[in-house]
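In what follows, a single structure is set out as structure tokens and then discussed.
The values are calculated or read from the model by the stated rules, or taken from the named source; none is laboratory data. It should be emphasised that the depicted structure is a prediction, and the values quoted were computed from it without experimental measurement. Neighbour counts are summed over all protein chains in view; Cβ atoms, including those assigned to glycine, are modelled from backbone coordinates with ideal geometry. Keep in mind that these areas ignore ligands, DNA and RNA; they rest on the heavy atoms of the full protein, side chains included. Shrake-Rupley method; radii C 1.70, N 1.55, O 1.52, S 1.80 Å.
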Amino acid sequence: NVSDLDTIIFNQGKILTTKAPDKRITKMQVKGLGDRSVITVSKSNGNFADIDSALQEAYKYSLVTNPMTILIFPGDYYESLAIQSKYITLKGISREFTRIIDESGDYNNAPISMAGATIIENLTVWANHNQQVGTPTNPSYAVHHDAYGEGESIIRNCNLISDNSNAIGIGLQNN
């Protein structure tokens, strides 16, 4: 049961676990990131079944001294995510089997919109525009990065796909 995990250690592709009482947020050793506060997302047995709910929970606790990782188990997640908080990492178990998909084709609903000090890793992010009739007039990117804050943003080991636009768009928001 994923919600019982206290520690996840990634070792040569294997997930090793130790059990703990049910918690919404656990401390885990995440390869490449060290000790992190982690929320799990899984279609069954995760802390949350969808990524957006996990993001809303992570926003409550994310600080420079407490960066949050949302560990996403394999599945297709049909969502449009706006990561407007710093110190959040979205980390999939496998980019081949962990996909964030938005079918709207709407420029304002990219599968991932992100700002400074965020990381996305091991994911396929796909704007497939399946709900659009014809070619969208203003199609979405797979990832839309805009200037809502300072900090380093990292996209690592991801497949970024947009059926009708560039895979990534970077803007300079002046609000």
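Restricting attention to the stretch 116-137, and to residues there that are open to solvent by less than 10 Å² (accessible area, probe 1.4 Å) and aliphatic (A, V, I, L, M), which single residue is modelled with the lowest pLDDT?
Taking the candidates together, the pick is ALA127.
Go through the stretch 55-83 and report how many residues are closer than 27 Å to TYR107 by Cα, of a type in the set (S, T, N, Q) and outside any helix (DSSP H, G or I).
Qualifying residue count for the region: 2.
Could you run through the stretch 61-74 and say how many residues are open to solvent by less than 20 Å² (accessible area, probe 1.4 Å) and without any contact (Cβ under 8 Å) to a residue 60 or more places away in the chain?
5
Among the residues of the stretch 138-147, what is the count of those that are under 30 Å from MET68 (Cβ atoms), open to solvent by 20 Å² or more (accessible area, probe 1.4 Å) and modelled with pLDDT of 80 or more?
Here the count works out to 3.
Evaluate the following for ASP52: is it open to solvent by 20 Å² or more (accessible area, probe 1.4 Å), assigned to a strand (DSSP E or B) and closer than 20 Å to TYR141 by Cβ?
No; evaluated as a whole, the condition is false for this residue.
Can you tell me which residues in the stretch 89-115 are among the hydrophobic types (A, V, I, L, M, F, W, C) and either buried (at least 20 other Cβ atoms within 10 Å of the Cβ) or within 13 Å of the chain's Cα centre (by Cα) (or both)?
LEU90, ILE93, ILE100, ILE101, ALA110, ILE112, MET114, ALA115
Of ARG36, ARG24, which residue is open to solvent by less than 50 Å² (accessible area, probe 1.4 Å), basic (Lys, Arg) and at pLDDT below 90? Before the answer, list the steps.
On the way: ARG24 fails: open to solvent by less than 50 Å² (accessible area, probe 1.4 Å).
Criteria check complete, one pass: ARG36.
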